[in-house]
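Encoded as structure tokens, the structure appears first; notes follow it.
Coordinate-derived values only; no laboratory data. This structure is a prediction, so every number in the text was calculated from the model and none was measured. Note that we place each Cβ from the backbone using ideal geometry, even for glycine, and neighbour counts take in every protein chain shown.
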Amino acid sequence: MSQTASLLPFEILAHYERLSLAHASGTPEKLEAPGLWRGIGYRAGSRLFVSGIDEISELLAVPSLTPVPGTQPWLLGVANVRGNLVPVIDLARFLFGERTQSTERTRLLVVRQGGGSVALMVDEVFGQRTVDAEQRRHSELEDDPRLTRFVDDRVGEQRLAVFSMGKLVRAPDFRQAAA
């Protein structure tokens, strides 16, 4: 039996990534360098964010949703993700009150939380971003009061807001989806 047969699809991809990086010249030293942080870049509304790669368990195209009556408008419904019902939250609507328009670029970021997972709908995903110690030293504090409880700073040339999924899923108003 193959070594990857018992792994989940995401774990298989991560395994292949590690194998390919091990064969790329000069790459392992750079990836293992102290002070490097890896995240996933995405857009919600007009704002650009990055969240730790370890905070997002998977990325999905938007599946069919089943509405849940009597909930906040930012709770779009539940989706069946490989046999598990996962609540789907419109992140821009939760943060800014702006509804996300579904396009071919719209994606779900699946985040683990106590007792299961939650999927966050975002306008688009930019892929992996690496932030080094130098970028962290030149970061700016978040000035949008709607975001300061989830974002500590903004980094890089694009001023990506470093968004904490852990803080989001622990926020009392996020956990209270009933209207």
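Please give, to one decimal in nm, the separation of the simple spin-label points placed at Gln113 and Ser64, each 7 Å out from Cα toward the Cβ.
Placing both labels 7 Å along Cα→Cβ, they lie 2.5 nm apart.
If each Cα of the range 50-92 is one equal point scatterer, what is log10 of I(q)/I(0) from the Debye formula at q = 0.13, 0.26, 0.28, 0.30 Å⁻¹?
Normalising to I(0) and taking log10 leaves -0.33, -1.02, -1.09, -1.14.
Between Arg82 and Asp54, how many nm apart are label points set 7 Å from Cα along the C-beta direction?
2.1 nm
When DSSP beta bridges are limited to those with both residues in the range 37-175, what percentage is antiparallel, rounded to the nearest 5?
Details: 36 of 41 bridges.
Looking only at bridges with both residues in the range 37-175, the antiparallel portion is about 90 percent.
If I take the Cα coordinates of the range 37-175 and project them onto the principal axes, what are the three extents in Å, biggest first?
Sorted largest first, the three principal extents are 46, 30, 28 Å.
Between Asp132 and Ser46, what is 0.36 nm times their sequence separation minus the Cα-Cα distance? Round to one decimal in nm.
Details: separation 86, 0.36 × 86 = 30.96 nm, distance 2.46 nm.
Stretched fully, the Asp132-Ser46 segment lengthens by 28.5 nm.
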